[in-house]
Amino acid sequence: MRKSKFRESQIVGAIKQSEAGIPVQEICRDLGISRATFYKWKSKYGGLEASDLKRLKELESENRKLKQMYAESELQNRVLKDVIEKKL
């Protein structure tokens, strides 16, 4: 996945500016992004604070680790099943 050149704090700051009444077009021009990007950010980060962002990152990291653990256990399970089938 491509990494954004903007930090989450910058994204939240842009959303806060929008909520403060600054036009979206002006925010997009200042940041050099499209309106679609801004609204994508708003749907993902809207209503979040800095502490919420930290917790979100922790949860995403934990979820990634759990998915990897599950995939590895499924692979081991499949290998064991194949070995058992060959013995019978």
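The values are calculated or read from the model by the stated rules, or taken from the named source; none is laboratory data. Remember, it's a predicted structure, so these values are computed and weren't measured experimentally. We place every Cβ from the backbone using ideal geometry, glycine too, and count neighbours over all the protein chains shown.
Let's see how each residue does on (1) in contact with a Phe, Trp or Tyr (Cβ under 8 Å, 6 or more places away or on another chain); (2) at pLDDT 95 or above; (3) surrounded by 13 or more Cβ atoms within 10 Å (Cβ to Cβ); (4) among the aromatic types (Phe, Trp, Tyr):
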site	(1), (2), (3), (4)
Lys42	no, no, yes, no
Ala50	no, no, no, no
Leu56	no, no, yes, no
Leu75	no, yes, no, no
Lys81	no, no, no, no
Lys87	no, no, no, no
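Would you call Glu49 within 20 Å of Lys3 (Cβ to Cβ), acidic (Asp, Glu) and without any contact (Cβ under 8 Å) to a residue 40 or more places away in the chain? Break it down into steps so the answer makes sense when it comes.
Numbers: within 20 Å of Lys3 (Cβ to Cβ): no; acidic (Asp, Glu): yes; without any contact (Cβ under 8 Å) to a residue 40 or more places away in the chain: yes.
Criteria not met by Glu49.
Under the condition of being at pLDDT 90 or above and of a type in the set (S, T, N, Q), which residue from segment 1-29 is farthest from Gly47 (Cα to Cα)?
By that ranking, first place goes to Gln25.
Condition first: in a helix (DSSP H, G or I), of a type outside the set (Lys, Arg) and closer than 15 Å to Phe6 by Cα. Now tell me which residues in segment 21-38 satisfy that.
Let us first name the residues in segment 21-38 that are in a helix (DSSP H, G or I), namely 24-31, 35-38.
Remaining after also requiring of a type outside the set (Lys, Arg): 24-28, 30-31, 36-38.
Correct list: Ile27, Cys28, Asp30, Leu31, Thr37, Phe38.
Can you tell me which residues in segment 1-20 are in contact (Cβ under 8 Å) with a residue 24 or more places away in the chain and in a helix (DSSP H, G or I)? Spell out how you get there, then give the answer.
Narrowing segment 1-20 to residues in contact (Cβ under 8 Å) with a residue 24 or more places away in the chain: 6, 8-9, 11-12, 14-15, 18.
Within segment 1-20, Glu8, Ser9, Ile11, Val12, Ala14, Ile15, Ser18 meet the criteria.
Could you pull out the residue among Ala14, Ala20 that is among the hydrophobic types (A, V, I, L, M, F, W, C) and within 23 Å of the chain's Cα centre (by Cα)? I'd like the intermediate steps shown before the answer.
Values: Ala20 fails: within 23 Å of the chain's Cα centre (by Cα).
The match here is Ala14.
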